[in-house]
Amino acid sequence: MRSVLTLNAGSSSLKFALYRAADLTLICKGQIENLGHLSDDSHTLFHARDAAGKALADAEIAGHEHAAALRYLLDWLDRQYQGLRPAAVAHRIVHGGPRFAEPLRLSDETLQALDTLTPLAPLHQPHGLAGARSMLTLLPEVAQIACFDTAFHRSQPELQQRFALPDSYFQQGVRRYGFHGLSYQYIAQQLPAHLGAAAEGRVVVAHLGNGASACALLGRQSMASSMGFTALDGLMMGTRCGRIDPGVLIYLQETLGMSVNEISQLLYQQSGLLGVSGLSHDMRTLSASPEPAAQLAIALFCQQAAREIAALCVAIGGLDALVFTAGIGEHHPRVRAEICRQLQWLGLDLDSAANQANAARISTATSSISAWVIATDEEAMLARAAVAYC
Ligand SMILES: Nc1ncnc2c1ncn2[C@@H]1O[C@H](COP(=O)(O)OP(=O)(O)O)[C@@H](O)[C@H]1O
Ligand SMILES: CC(=O)OP(=O)(O)O
Ligand SMILES: [Mg+2]
């Protein structure tokens, strides 16, 4: 039986899932944690669960390299599911730049072209490409497919893609791309089942995970996104600052004497929930903490999210439905409640009991804007793209 493997690389973890190629039934999924932490003594961890969520493996892996971790994964899959070797592997590649949108079979030439986008997605691009390179070596005969986070946003009008910079910069590719496209694509496909005909209307999807962004949809196509040239813009995130006055960056460099590398570290890895709270990047930890700084971080997260959602409504002429998704969007009623409270003036009335219960519809029956919680599944989008290459 043939299978497809999906890989979704973040800054320190790599999520995988294995599907039966014939009907895209999930066989197992899991993640490898602490990859790339070369200097500390934390162990690389391997977790796998079956489709029902039952634990299949919780193990330590020697080394922190993608190649070693992926060899471990392939050996484990071989032992667990004899004869089910992947016929194609799909990789989430965060940045496709101006050149790449459709899923693409990776070669040395395309990998090199994608390397040049690393400065535009330093937390993601090198890890996605390292995984793809390792797989090309480990399984040279198997198609390695790149699926781009930026692709879904290609439908945006040019006006939404432009910065107010001289045109030459836009022509060089300095423009808004948008990210979390696999997640938005999945949600766009799920919308009719929940919203009926309203799915084609004015919808904003808030992807609130470790990275967070929001996307304005019309006719289930991306019209605008809070993330731009890089995955730093827009909402506040786990360790990223989100929208910031660019004058701050000039001040940090010119007056405080910070290097470009230090500024990059600050904005990508030391800001957001972690930076404001001084405690953690993780919403679970912050919600459980009595520290005022943790509560301040949550308050700022909600305020920035509400503001970005409201701003996106301009691109679609108003709002019919708001959808929450990803780790925080799916599991934190308090964050959803606060964001909805700040959007009440638009006509959004939260059903507190439904929200507390993580129900699918969390707005009241009389609310003029409906609000929803829909679980995302980037892996399903990756698997669907890969199956065409089996
Ligand atoms: N089951 C859960 N219960 C509570 N919070 C969760 C859960 N899963 C994820 N989160 C929260 O969501 C965030 C991570 O979101 P997630 O979508 O898993 O991120 P990513 O895929 O970008 O790594 C963290 O702040 C975490 O606290
Ligand atoms: C683009 C991005 O921010 O992705 P993630 O949420 O996986 O960090
Ligand atoms: Mg994610």
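What follows draws every value from the coordinates through simple rules; no lab data is involved. Keep in mind that this is a model prediction, so the values were computed, not measured. Backbone-built Cβ (ideal geometry, glycine too); neighbour counts: all protein chains shown.
Only Lys, Arg, Asp and Glu carry charge here, each on its Cβ (+1 for the first two, -1 for the last two); on that basis the stretch 317-390 has a dipole of about 100 debye about its Cα centre.
Ranked for footprinting exposure by Cβ neighbours inside 10 Å, fewest first, TRP372, TRP345 give TRP345, TRP372. Quick one: Debye curve from the alpha-carbon atoms of the stretch 157-287 only, equal weights, vacuum; give me log10 I(q)/I(0) at q = 0.11, 0.12, 0.16 Å⁻¹ to two decimals. These q points yield log10 I(q)/I(0) values of -0.49, -0.58, -0.92. Note on the stretch 1-110: Rg/Rh from Cα positions, Kirkwood definition for Rh, rounded to two decimals, is 0.98. The separation of the stretch 200-269 from the stretch 162-184, counted between C-alpha centres, amounts to 13 Å.
Normalise the Debye intensity by I(0) for the stretch 244-370, one equal point scatterer per Cα, no solvent, then take log10 at q = 0.23 Å⁻¹ and round to two decimals. So the normalised log intensities work out to -1.30.
Expressed as a fraction of 2.2 N^0.38 Å, the value expected for a compact globular protein of N residues, the C-alpha radius of gyration of the chain is 0.98.
Extending 7 Å from the Cα toward the beta-carbon at both LYS54 and SER289 defines two label points whose distance is 3.8 nm. Considering only DSSP beta bridges with both partners in the stretch 196-373, what is the antiparallel share in %, to the nearest 5? Close to 55 percent. Per DSSP helix of 4 or more residues, -39500 (n - 2.57); summed, then divided by the residues of the chain. What does that give at 222 nm, rounded to the nearest 500? The helix contribution divided over the chain gives -11000 deg cm²/dmol. Kindly list the residues of the stretch 135-173 that lie in the label zone of GLN221, defined by a backbone N under 14 Å from the point 7 Å along the Cα-to-C-beta vector. Answer for the stretch 135-173: 152-160.
Span-like helix check, the chain: qualifying full DSSP H segments, with Cα axial length of 27 Å or more and mean Kyte-Doolittle of 0.0 or more, are 292-316.
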